[in-house]
Amino acid sequence: MATEVAPEYLKKRILILGVGNTLFGDDGFGPATVEYMLKNCKIPDDLCVMDAGISADELLFTIALSQKRPEKIIVIDAVDANKKPGEIFEILIEDLPENKIGDFSLHLFPSTNLLKEIRDQLGVKVTILACQAGEIPKLVSPGLSKPVQKSIPKAAKIALQLAESADS
């Protein structure tokens, strides 16, 4: 009988997930920030930085069903919250803009419900680090707008600070 090995992201104390679809303009902010972090930042041993792309549901479902899970999840994503394009801010799950529900990002109902369940029922701290999107086109159009592209290093720094302060 083979013993099932848990994915690495379940074994880490903190999980940073970059979510979004790189084919739809600024919606690719989360994956782009994760890519930047992996190339340019020192990642502590107890931290997993991962591009979830458009597969956040699958990862969150695995976390919800696992006996072992991170203590904190930091989700990095682009949203439209009527702020200045490229502005970085924290947002509560409950405050995610409804205008994101129909796109390919984290904000589909199953993901928000899973995040709430992981937070409320399983005691995992959940932080959403958002970037105000400039453009999320209706048709395939890869590439970030300049204001969003410029905010990637700042978002990476804030995400690492949030990870360091996970005990607070």
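The values are calculated or read from the model by the stated rules, or taken from the named source; none is laboratory data. These figures come from a predicted structure and were not determined experimentally. Cβ placement follows ideal geometry from the backbone for every residue including glycine, while neighbour counts extend to all protein chains displayed. Areas reflect the complete protein model, heavy atoms only, side chains present, ligands, DNA and RNA absent. Shrake-Rupley method; radii C 1.70, N 1.55, O 1.52, S 1.80 Å.
Within the range 9-43, work out how many residues are of a type in the set (Asp, Glu) and buried (at least 20 other Cβ atoms within 10 Å of the Cβ). Before the answer, list the steps.
As a first pass, look at the range 9-43 and keep what is of a type in the set (Asp, Glu): 26-27, 35.
Now drop any that are not buried (at least 20 other Cβ atoms within 10 Å of the Cβ), which leaves 26-27.
Residues flagged as of a type in the set (Asp, Glu) and buried (at least 20 other Cβ atoms within 10 Å of the Cβ) within the range 9-43 amount to 2.
Of the residues that make up the range 32-42, is at least one over 30 Å from residue 137 (Cβ atoms) and either free of Cβ contacts under 8 Å to residues at least 12 places away in the same chain or touching a strand residue (DSSP E or B) at 6+ places or on another chain (Cβ under 6 Å) (or both)? Please lay out each step first, then the result.
Restricting attention to the range 32-42, the residues satisfying the condition of being over 30 Å from residue 137 (Cβ atoms) are 42.
After this cut, where a residue has to be either free of Cβ contacts under 8 Å to residues at least 12 places away in the same chain or touching a strand residue (DSSP E or B) at 6+ places or on another chain (Cβ under 6 Å) (or both) as well, the list is 42.
So far as the range 32-42 goes, yes, one or more of its residues are over 30 Å from residue 137 (Cβ atoms) and either free of Cβ contacts under 8 Å to residues at least 12 places away in the same chain or touching a strand residue (DSSP E or B) at 6+ places or on another chain (Cβ under 6 Å) (or both).
When you look at residue 55, is it small (Gly, Ala, Ser) and open to solvent by 50 Å² or more (accessible area, probe 1.4 Å), yes or no?
Working: small (Gly, Ala, Ser): yes; open to solvent by 50 Å² or more (accessible area, probe 1.4 Å): yes.
Taking the combined requirement at face value, the residue satisfies it.
Any residue at all in the range 73-83 that's open to solvent by 50 Å² or more (accessible area, probe 1.4 Å) and either among the β-branched types (Val, Ile, Thr) or in contact with a helix residue (DSSP H, G or I) (Cβ under 7 Å, 6 or more places away or on another chain) (or both)? Step through it out loud before you land on a result.
We begin by selecting, within the range 73-83, every residue open to solvent by 50 Å² or more (accessible area, probe 1.4 Å); these are 80, 82-83.
Now drop any that are not either among the β-branched types (Val, Ile, Thr) or in contact with a helix residue (DSSP H, G or I) (Cβ under 7 Å, 6 or more places away or on another chain) (or both), which leaves 80.
Checked against the condition, which is being open to solvent by 50 Å² or more (accessible area, probe 1.4 Å) and either among the β-branched types (Val, Ile, Thr) or in contact with a helix residue (DSSP H, G or I) (Cβ under 7 Å, 6 or more places away or on another chain) (or both), the range 73-83 yields at least one hit.
If I go through the range 135-151 residue by residue, how many of them are out of contact with any Leu (no Cβ under 8 Å at 6 or more places or on another chain), at negative phi and open to solvent by less than 90 Å² (accessible area, probe 1.4 Å)? Can you show your working first?
Filtering the range 135-151 down to residues out of contact with any Leu (no Cβ under 8 Å at 6 or more places or on another chain) leaves 135-139, 143-151.
Still in the running and at negative phi: 135-139, 144-151.
Restricting the remaining residues to those that are open to solvent by less than 90 Å² (accessible area, probe 1.4 Å) gives 136-137, 144-145, 147-148, 151.
Result for the range 135-151: 7.
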